[in-house]
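The values are calculated or read from the model by the stated rules, or taken from the named source; none is laboratory data. Not measured: the values here are computed from a predicted model. Cβ placement follows ideal geometry from the backbone for every residue including glycine, while neighbour counts extend to all protein chains displayed. Heads up: the accessible areas ignore ligands, DNA and RNA and are worked out on the full protein's heavy atoms, side chains in. Shrake-Rupley method; radii C 1.70, N 1.55, O 1.52, S 1.80 Å.
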Amino acid sequence: RTTQQWRLLFTYLAASVGPVLLLVVLNRDLGLRREIQWLVYGTLVAVVLVMLRQYLVLIENVQLYQQMQKLALVDSLTGIYNRHSFNERFQEEVARAYQSGQSLALLLIDVDDFKKINDTYGHLQGDVVLQTIAEVLSRSLRKMDVLARFGGDEFVVLLPNLSSTAAQLVSERLQQAVAGQGIAGHPFQISVGLVVYEKGQSSQQMLEKADQVLYQQKALKKGQPPLQNIPES
């Protein structure tokens, strides 16, 4: 942002050089009377002030535009990527995995008993829970990983260049990190649906499979029979 501001400032400074040089030439060659000199000086100052005002307005517009761009990409509650920006990154990573043959893992995360948290402690406290979990997940991931709020109490993580075994270790680490947080003495818990990219899969197919795996995990926690016949992608 600072670099852009300096570039814009140099543009306005360059534009002001012309009137200054014109004043110097007129004063030297024509020997302007003092009254005319002051008139020219005043005009030049007015021009500079107008250009300065335009520069400040332009900088403000640039900052507003950057803020709007950020809002379009970031979830307003948690400060991580939103679903729209994640979907774009997801398609890019799937295309890269297809072309390069490198691995790509997807984690679909759901907060266990989040409705109960909202009903017991209120929706404002529920928002704090989501913010806390988002922060814990973010701290536990690599810089190259992509974390987003997928909607409601669901989060999603992209793990580029990780094998199935390594991604499973990341999943377990995330669950342990979240379990270290809690409310009123009750630790948070998350369920994770893990899938690894297979050649030819689309991003939608990976999400659908991760959703199936996620609900299997939640069913196992509740002691229910897990879903069967997860469709192959």
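Every listed requirement among (1) hydroxyl-bearing (S, T, Y); (2) exposed (fewer than 15 other Cβ atoms within 10 Å of the Cβ); (3) not in a helix (DSSP H, G or I) is met by T165 save one, (3). Among the numbered conditions (1) in contact with a Lys or Arg (Cβ under 9 Å, 6 or more places away or on another chain); (2) open to solvent by less than 20 Å² (accessible area, probe 1.4 Å), the only one that I133 does not meet is (1). Take Q176 and tell me if it is surrounded by 15 or more Cβ atoms within 10 Å (Cβ to Cβ) and either in a helix (DSSP H, G or I) or in contact with a Phe, Trp or Tyr (Cβ under 7 Å, 6 or more places away or on another chain) (or both). No; evaluated as a whole, the condition is false for this residue. Taking the residues in the stretch 148-162 that are small (G, A, S) and in contact with a helix residue (DSSP H, G or I) (Cβ under 7 Å, 6 or more places away or on another chain) as candidates, determine which candidate is least open to solvent (accessible area, probe 1.4 Å). Of everything passing the filter in the stretch 148-162, A148 is least open to solvent (accessible area, probe 1.4 Å).
Test Q189 against the criterion of being touching a Gly at 6+ places or on another chain (Cβ under 9 Å), open to solvent by 50 Å² or more (accessible area, probe 1.4 Å) and modelled with pLDDT of 90 or more, and give yes or no. Criteria not met by Q189. Consider the stretch 136-147 and keep the residues that are open to solvent by 30 Å² or more (accessible area, probe 1.4 Å) and part of a helix (DSSP H, G or I). The one that is nearest to F90 (Cα to Cα) is S138. How many residues are closer than 21 Å to A219 by Cα and either of a type in the set (D, E, K, R) or more than 23 Å from the chain's Cα centre (by Cα) (or both) if we restrict to the stretch 174-190? Matching residues across the stretch 174-190 total 6. One residue alone among V62, V50 is modelled with pLDDT of 70 or more, over 28 Å from Q212 (Cβ atoms) and open to solvent by 30 Å² or more (accessible area, probe 1.4 Å), and that residue is V50.
Filtering the stretch 177-215 to residues that are without any contact (Cβ under 8 Å) to a residue 60 or more places away in the chain and closer than 14 Å to D112 by Cβ leaves V178, A179, Q181, G182, H186, P187, Y215. Please determine whether any residue of the stretch 114-123 is in contact with a strand residue (DSSP E or B) (Cβ under 9 Å, 6 or more places away or on another chain), assigned to a loop (DSSP other than H, G, I, E, B) and closer than 23 Å to N82 by Cβ. No, the conditions are met nowhere in the stretch 114-123. For the stretch 192-223, the set of residues classified as part of a loop (DSSP other than H, G, I, E, B) and either open to solvent by less than 100 Å² (accessible area, probe 1.4 Å) or modelled with pLDDT of 95 or more (or both) consists of Y197, E198, G200, Q201, S202, G223, listed by residue number.
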